[in-house]
């Protein structure tokens, strides 16, 4: 059997996720890891989940343990529409598709929109899992530079113009508007409008990926792309960061004609998202435990973010040319080292110092940036944040001397 | 926005699943439905799941509610390997990938093996969800006729010869060896050997889909394709029929080089299968509840099968040219009406008689067969089976008179 020829072209190009492989390296408990995007387990509402899961098992097992509808549990879809409305986004439950977290949403976007060679616009940097999903359908992600306010509309306009001229019309513009992963930046309302204008003029879809939106620590909410342009925006949400990741639950919201097609795709992909997990989550939301828990999570992560920023000031502010983002929410900040330094090369030295990050190069569709690293501040304890940033400080100072 | 042009070619050809749309029609409680492939809810081990889920929440929430490994929970993978060994299939836990039930396994098979236009071999008839999964990657399923012993090796040999001559070498042969869905037939050992011989000679992979294997009511187990040819067989299993479908759990087993690629694909598809559901299932297996429950499930379905077969004798045996399969296990039997009758045309009359089936035409990759219907005997109660088969009898007799 010629194994290589047996695979489809899309599978021959597949690579393992850098982050998931890195996470294996960091399983040593002595290593302080800022690498993963893990929520803090102390935020998981264990009692409330236990109460809800017992209720589901004693009162509705015949439905919750059976096959469910592809679209998702109607009660949960109503809850989600209500949550979206409370967040300023008018939402109809029938335009919600419950997904196996937002990664499945991204996979579906690739599946229904990208023919081999089709282009789509992503940030420079952007979420690694999106790149992987789009690449797995042989889509070509074209990067547009971010600044402190997210994707730059001037460069976006240049890029779509160039692609149109080359006959490589992009299928969609992928944005992470709130507390960007990995960059930690947020797109202000005015810039959202500019991006929507460019999308509407060109007839492009916008894919709005907003897993961290409810985790804001400072500043005020920007309106969602969905609320501003429901005709041309598909939004992806997840419970992974606001409730817990272990249920693998998320949802997609968009116009009928897209959601319909996603439902058809999902029938062939897994028939339905686990009804048991959906029923539990419905009861957790109905009990008010999600909302209550979120307040505590926001307070916890806000403290950790504050602490990481102040530790960075303590240990790294003296390095000329260094900079880092000051995210208003989310899980990550983005540290850029002085010219000439290389976070890929430094990674193994970091592991020796017993601290881990994700090298920035993992987050680029095209030419890499080797000066950056992503730091997560949700998972490590306060003590670990202090010690871990100190270790990064030591490492960078050492490398600065030897470089 | 030109909506049609925005979709990828693979999405433009997507259709809603006939079965899932039919199931919506049959939600009227007065209709006795033999249409779905639902397990009986009275087989769900609710207490055991409650005990296991409380244990998971109180003892291991920090892991079970967090992200998990893409490959799956190591404890569950060990359980599955042990189950496979007990079934005569030597199995290494590291060659197991836990999936979102076996539908995700089928989707992955399409994703990693099928380029647009690539062919694969399926039965005539075959599982609708497999057709949907393969079609969603623009694969072309080529049907090979079944008889009472499953896929016919002589016709398989002819078909691969013809395809090779046309330069359309098939990527894999998809078989449902045990209690076929929808046909209800099982492939005997000697014929399995013949199919393996053809696959090895041509260098084709065999995809063995065996969701019902543990549900045998009569006769003795045939060896799995996996046990006979581990070098060229990828096997797909699911918990949906042997435990419950609402967790959406299944697994794939195969050679390293395939499982590795599936793991890469899964990283971009959903990162991991719900760790919570995996942990509960591990404890349900460890407690012995799966094995104990299976004995009861087999006893229940065996009675229902027996009953359906005797009701068919009572109400339909007098019709000249009619026949049905007598499955040794599984959930379905396959009824073929006399020449000239059409189960698609009859479907709405059946709904008026308040009984539902799936028209056989749903299960064909190419030219349909319009004389058949799939009947499920796992879900309806004994009383419903008697009444429902009677209604089918009335319907067929009526149509026979008017046709």
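Points to keep in mind about this one:
- Candidates B:86, B:130, B:40, ranked by Gaussian network fluctuation over chain B, Cα under 10 Å, top entry: B:86
- Here r is the Cβ-Cβ distance between residue B:60 and residue B:260 and R0 is 41 Å; the resulting FRET efficiency, rounded to 0.05, is 0.90.
- Residue A:42/residue B:86 FRET efficiency (R0 45 Å; Cβ-Cβ; nearest 0.05): 0.65
- Simple spin-label estimate for residue B:310 and residue A:286 gives 4.2 nm between the two label positions (7 Å along the Cα-to-Cβ direction from each Cα).
- In this label model, residue B:354 and residue A:323 are separated by 7.4 nm, measuring between points 7 Å along each Cα→Cβ vector.
- Shielding of peptide A:7-18 by partners, expressed as the average count of other chain Cβ atoms within 10 Å per residue Cβ, is 6.
- Taking the square roots of 5 times each eigenvalue of the Cα gyration tensor of the stretch A:150-304, largest first, gives ellipsoid semi-axes of 30, 22, 12 Å.
- Averaged over B:255-262, number of beta-carbon atoms from partner chains that fall within 10 Å: 3
- Residues within the reach of a label modelled at residue A:25 (point 7 angstrom out along Cα to beta-carbon, backbone nitrogen below 18 Å), restricted to the stretch A:358-383, are A:358-364, A:368-376.
- Calculated Rg and Dmax of the protein assembly as shown using C-alpha coordinates, Å: 27.2, 95
- When the stretch A:46-289 is reduced to its Cα atoms, the Kirkwood hydrodynamic radius in Å: 18.4 Å
- The sum of -39500 (n - 2.57) across all DSSP H runs of n ≥ 4, divided by the residue count of chain B, sets its helix-only mean residue ellipticity at 222 nm to -14000 deg cm²/dmol.
- The stretch A:269-315 - Debye-derived log10 I(q)/I(0), Cα point model, q = 0.13, 0.19, 0.29 Å⁻¹: -0.54, -0.71, -0.95
- Ordering B:69-77, A:370-378 by mean Cβ neighbour count within 10 Å, with the highest value first, yields A:370-378, B:69-77.
- The stretch B:106-155 and the stretch B:315-394 have Cα centres lying 23 Å from one another.
- Number of partner chain Cβ atoms within 10 Å, mean per residue of A:94-102: 2
We did not get these values from a lab; they are worked out from the coordinates using the rules stated. Owing to the predicted nature of the structure, the values given are computational and were not obtained by experimental measurement. Note that we place each Cβ from the backbone using ideal geometry, even for glycine, and neighbour counts take in every protein chain shown.
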